[in-house]
Amino acid sequence: MSVLVFLEHHGGELQKGALGVLTKAASLGEADVGAVLVGGGVRSLADDAGSYGATNVYVADDASFDPPLPQSRVDVLAKVVGDHGYETVMFANSVLAADVAAGLAARLDAGLNWDLADLVSENGTLVGKRPALQDSVYVDVGWRSTPRIALFRAGSFDAVQTGGGAPQVEDVAVELEAHSTGAKVVDQQLEESTGPSIEDADVIVAGGRGLGAPESFALAEELARALGGAVGATRAVVDAGWYPYSAQIGQTGKTVSPKLYVALGISGAIQHKVGMQSSSVIVAINRDANAPIFEFSDLGVVGDVHEVVPKLTELVTQRKSA
Amino acid sequence: MKIAVCVKHVPEGPARIDPGSKRLDRSGEGMLNRFDANAIEEALRIKGDGDAEIVVVSMGPASAADTLRKALAMGADRAVLVSDDAVAGSDLLATSRVLAKALEREAADLVLFGQQASDGDGAVLWAAVAERLHLPVVSQALELTLADATLRAKRQNEFGYDVIEAPLPAVVAVSDAINEPRYASLKGIMGAKKKPQDVLSLADLGLGPDDAGDAGSRTEVLALAAPPARGGAQKIEDDGNAAQAIVDFLAERRLI
C-alpha cells in the first residue's frame, strides 16, 4: 500500500497543516510515503519533507507554478498518481488544497471524503472520521475507488518529525492541460501580520463583540502578550472593522487548533466554532451565561471581560516573572 | 451572455441524518442554501440592465422546485432541476457528474456557485464540476468583474488576496462577503410562477442509473456515532476571583 501527500508551502516554508497530514500518513505504516511539492525552488524543501516521514518526494520545481492556482497542481498530482499508482492521496484543507483535491477526484473519477478529522485502518481498510452537522455526529466514511482522496480538516494532526532520512527525490515532468492554464494571477496582496501567526501559535486569545468597542482589543492583546500567544477575532468584529481580516477565525477565516484558546466576549456561533473547536483547551469569558460558547469550553467564566481580563493578565505576568 | 448559477435545496431548520439510510434526512421542508443567494445576487448584479440570461441549475428532490422558484423570484430567468429517483444519495463525484452534464447543455459563459452548502458543509463541488467541463475555476471570489470575455476576480486566501484573470467560459465560486443578496419583491414572486422551469431525468442528460446515486458514488457512509465528549467542563460565575481560578486551571494543565 502507498500514500501520497500534497504539501502546501508559503514563503519558503512547508505549511504546518500539511506537515501534520504527512505525519499522519507516515504513521499508517505504509512502505511508500510520497509527498508532492509544486512551485519554484521547492526542491530545497524535499529534505524537510523527509524529516516528517516522506520516503519519496516528487517535485515540480518551476517558477511558472508559483501562482497558487489549483488546476496545474491537479495535472502534477494526476501524473504522479498515474505513474506510481498511489492508493491514497491526502490533503490538509486550505482554499488551494480543497480545489486541488476536488479537481483531482473528478480527473481520476476517485472518491473524495472531506472535512475528515482522522483516518484509521480498520481490518485493513481505511476509514475516515468526519464530524458532521456542526459536530453533533461523527460519520465513518469509506472509499470505493483507488485512489482514495482524503481532505482533512485543518489542525487535525500535529506535525512531528520522524527522524527519517533523506528521501528519494524525483522530478515530475508534466504537460499541462489547456484548461489548467486559463486562470492567471495578475496581482497578489499578501497580508504580513506581526507577532506569531495565529495558525502557528500555541496560545490564541480571541475577541468578539462582547469586548464592546474596538479599543477593548487592547485587553486581548495584553493577555496574548502575557501568555506568549497571538490575537484572533470573530467575523463580526472583523466585519465591523475592529480588527484585521488576517486575524479572523472561523468558517470564512482561519482554522486553528492551539493548545490553549481563550475566548473573550465571544458568543460561540457556528461560524466561529468550526474554526477553533479542535483547540486542546478552551477557556471562555462571557457575560451572557447562556452563550453557546460555554457548551464547548473546558472552563467557562460568566463575567465581565473588562473586570476579569486585566486581573488575569496581571496574575499571568506576575507568575511568569516570578 | 448566459450565466448559470448552481444552487442547492437544503433542509430547513436543524439538519439530521437518517440512521437507516445514513443519509441526510431530506423529507422535511427545504430552502435555498443561503450561500447560493450570493451567487444569484452576483449574477443579477453582472446582468444589471443588460440582456444576459440567468439560468439556475440544481439537482435534488422534486420539492427542490420550490427553492428554484425562490431563485426565479429574486430575478433569475429560467430554472433547470435534475430530479430522478436514481440521484438520491449521490456523493461529490456523482453530483459533479450530473451537474456537469446539465451545465454542458446550457453552455453558459459563466457558471457561478456559492461558497459552501449549509447542510453538508461541502465546499469543493465547483472544482470537480470545472474539471469535468474542462473550464478554468476560481473560488472564494470577493469581487468579480467581466470585460471582453475575460473575468477578473479578487480571491481571498489564508495569506491575503490574489487577483485572478481567466478567459470565459469559466467557473467561479463566490464568497458570501461578495454582496448582500436582495429579497425577492412581490412582483418578482408573482412573476416567478410564469418563468420556465424544466425538470430533467438522468436519461434526459444521457446518463444511466449507474452514473448517479449510490451506484455512481465512490464514497460511502459506513457508520454514525456520537462525537467524542469534551470531558470535565467547568463553568463558574465571576465573584471577583475568576482571574485566579483561571490561572489555577491553566497552571494545573501546565499551560502557563
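The values are calculated or read from the model by the stated rules, or taken from the named source; none is laboratory data. What you see is a predicted model, and the numbers here were worked out from it, not measured in a lab. Note that we place each Cβ from the backbone using ideal geometry, even for glycine, and neighbour counts take in every protein chain shown.
Within segment A:284-322, restricting attention to residues that are of a type in the set (Val, Ile, Thr) and over 14 Å from A:GLY208 (Cβ atoms), the residue that is farthest from the other protein chains (Cβ to nearest Cβ) is A:THR317. Scanning segment B:33-62 for residues that are polar (S, T, N, Q) and over 17 Å from the mean Cα position of the chain (by Cα) yields a total of 0. Across segment B:172-181, a minimum of one residue is classified as more than 8 Å from every other protein chain (Cβ to nearest Cβ), over 19 Å from A:THR181 (Cβ atoms) and outside any loop (DSSP other than H, G, I, E, B).
Among the conditions (1) more than 8 Å from chain A (Cβ to nearest Cβ); (2) touching a helix residue (DSSP H, G or I) at 6+ places or on another chain (Cβ under 8 Å), the only one that B:LYS187 does not satisfy is (2).
Looking at B:LYS101, B:LYS70, just one residue is touching a strand residue (DSSP E or B) at 6+ places or on another chain (Cβ under 6 Å) and among the charged types (D, E, K, R), and that residue is B:LYS70. Residue pairs whose Cβ atoms lie under 7 Å apart, separated by 6 or more positions or on different chains, with the first residue in segment A:243-256 and more than 8 Å from chain B (Cβ to nearest Cβ) and the second assigned to a loop (DSSP other than H, G, I, E, B) and among the hydrophobic types (A, V, I, L, M, F, W, C), are A:ALA247/A:ILE198; A:ILE249/A:ILE198; A:ILE249/A:VAL256; A:THR255/A:ALA154; A:VAL256/A:ILE198.
Here is a yes/no grid of residues against (1) of a type in the set (Val, Ile, Thr); (2) closer than 16 Å to A:VAL89 by Cβ:
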{"residue": "A:GLU122", "(1), (2)": "no, no"}
{"residue": "A:LEU126", "(1), (2)": "no, yes"}
{"residue": "A:ALA150", "(1), (2)": "no, yes"}
{"residue": "A:VAL160", "(1), (2)": "yes, no"}
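Please enumerate the residues belonging to segment A:28-48 that are within 30 Å of B:LEU125 (Cβ to Cβ) and hydrophobic (A, V, I, L, M, F, W, C). So that I can check it myself, show each step before the final result.
Looking only at segment A:28-48, we keep the residues that are within 30 Å of B:LEU125 (Cβ to Cβ), and these are A:28, A:30, A:33-39, A:42.
Selection gives A:LEU28, A:VAL33, A:ALA35, A:VAL36, A:LEU37, A:VAL38, A:VAL42.
Restricting to segment B:138-161, what's the tally of residues that are in a strand (DSSP E or B) and within 18 Å of B:ILE46 (Cα to Cα)? So the answer is 16. Checking each residue in segment B:145-171 for being of a type in the set (A, V, I, L, M, F, W, C) and away from chain A (no Cβ under 12 Å) picks out B:LEU146, B:ALA147. If the condition is being free of Cβ contacts under 8 Å to residues at least 60 places away in the same chain and touching a helix residue (DSSP H, G or I) at 6+ places or on another chain (Cβ under 7 Å), then segment A:270-295 contributes A:GLN271, A:ILE282, A:VAL283, A:ALA284, A:ILE285. B:ALA203 fails exactly one of the following numbered conditions: (1) within 30 Å of A:SER280 (Cα to Cα); (2) exposed (fewer than 14 other Cβ atoms within 10 Å of the Cβ); (3) among the hydrophobic types (A, V, I, L, M, F, W, C). What is the number of that condition? Failing condition for B:ALA203: (1).
Among the residues that make up segment A:190-200, is at least one of them at pLDDT below 95, in a strand (DSSP E or B) and not assigned by TED's automatic domain parsing to the domain that holds A:ASP48?
The initial filter retains those residues of segment A:190-200 that are at pLDDT below 95, namely A:190-200.
Adding the requirement that they be in a strand (DSSP E or B) leaves A:190.
Among the residues that remain, those that are also not assigned by TED's automatic domain parsing to the domain that holds A:ASP48 are: A:190.
Scanning segment A:190-200 turns up at least one residue that is at pLDDT below 95, in a strand (DSSP E or B) and not assigned by TED's automatic domain parsing to the domain that holds A:ASP48.
Scanning segment A:115-174 for residues that are facing chain B (nearest Cβ under 10 Å) and of a type in the set (S, T, N, Q) gives A:THR125, A:GLN134, A:SER136, A:SER145, A:THR146.
Working carefully through the options B:SER201, B:SER217, find the one that is within 27 Å of B:VAL124 (Cβ to Cβ) and within 14 Å of another protein chain (Cβ to nearest Cβ).
Working: B:SER201 fails: within 14 Å of another protein chain (Cβ to nearest Cβ).
On inspection, the qualifying residue turns out to be B:SER217.
The selection criterion, being under 26 Å from A:GLU199 (Cβ atoms) and either among the small types (Gly, Ala, Ser) or assigned to a loop (DSSP other than H, G, I, E, B) (or both), does not hold for B:ILE164.
The residues of segment A:279-306 that are among the small types (Gly, Ala, Ser) and crowded, with 20+ Cβ neighbours inside 10 Å, listed by number, are A:SER279, A:ALA284, A:ALA291, A:SER297, A:GLY300, A:GLY303.
Residue-by-condition table, conditions (1) out of contact with any helix residue (DSSP H, G or I) (no Cβ under 8 Å at 6 or more places or on another chain); (2) modelled with pLDDT under 95:
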residue	(1), (2)
A:LYS16	yes, yes
A:VAL38	no, no
A:ALA60	no, no
A:LYS79	yes, no
A:ALA105	no, no
A:LEU108	no, no
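Every residue in segment A:126-172 that is outside any strand (DSSP E or B) and of a type in the set (Val, Ile, Thr), please. First the steps, then the outcome.
The initial filter retains those residues of segment A:126-172 that are outside any strand (DSSP E or B), namely A:133-136, A:144-147, A:153-167, A:172.
A:THR146, A:VAL160, A:THR162, A:VAL172 - these are the residues of segment A:126-172 that are outside any strand (DSSP E or B) and of a type in the set (Val, Ile, Thr).
Within segment B:109-124, if we keep just the residues that are more than 7 Å from chain A (Cβ to nearest Cβ) and among the aliphatic types (A, V, I, L, M), the residue that is farthest from A:VAL139 (Cα to Cα) turns out to be B:LEU110. Within segment B:103-131, being buried (at least 22 other Cβ atoms within 10 Å of the Cβ) and over 25 Å from B:PRO181 (Cα atoms) holds for B:ALA128, B:GLU131. Filtered by the rule that a residue be among the charged types (D, E, K, R) and either within 9 Å of chain B (Cβ to nearest Cβ) or assigned to a loop (DSSP other than H, G, I, E, B) (or both), segment A:58-113 gives A:ASP61, A:ASP62, A:ASP66, A:GLU87, A:ASP99, A:ARG107, A:ASP109.
Just a yes or no: is a residue in segment B:34-53 closer than 29 Å to A:GLY250 by Cα and of a type in the set (S, T, N, Q)? Within segment B:34-53, one or more residues are closer than 29 Å to A:GLY250 by Cα and of a type in the set (S, T, N, Q). Of all the listed residues (B:ALA177, B:ALA184, B:ALA212, B:ALA192), the sole one being under 20 Å from A:ALA105 (Cβ atoms) and either surrounded by 15 or more Cβ atoms within 10 Å (Cβ to Cβ) or in contact with a Cys (Cβ under 9 Å, 6 or more places away or on another chain) (or both) is B:ALA212.
Taking the listed residues A:SER197, A:SER145, the one that is within 20 Å of the chain's Cα centre (by Cα) and among the polar types (S, T, N, Q) is A:SER197, with no other qualifying.
Each row is one residue, and each column tells you yes or no for (1) hydrophobic (A, V, I, L, M, F, W, C); (2) surrounded by fewer than 24 Cβ atoms within 10 Å (Cβ to Cβ); (3) under 24 Å from A:GLY163 (Cα atoms); (4) in the same structural domain as A:SER156 (by TED's automatic domain parsing).
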site	(1), (2), (3), (4)
A:LEU19	yes, no, yes, yes
A:GLY34	no, no, yes, yes
A:VAL42	yes, yes, yes, yes
A:ALA49	yes, no, yes, yes
A:THR55	no, yes, yes, yes
A:ALA78	yes, yes, no, yes
A:ASP83	no, yes, no, yes
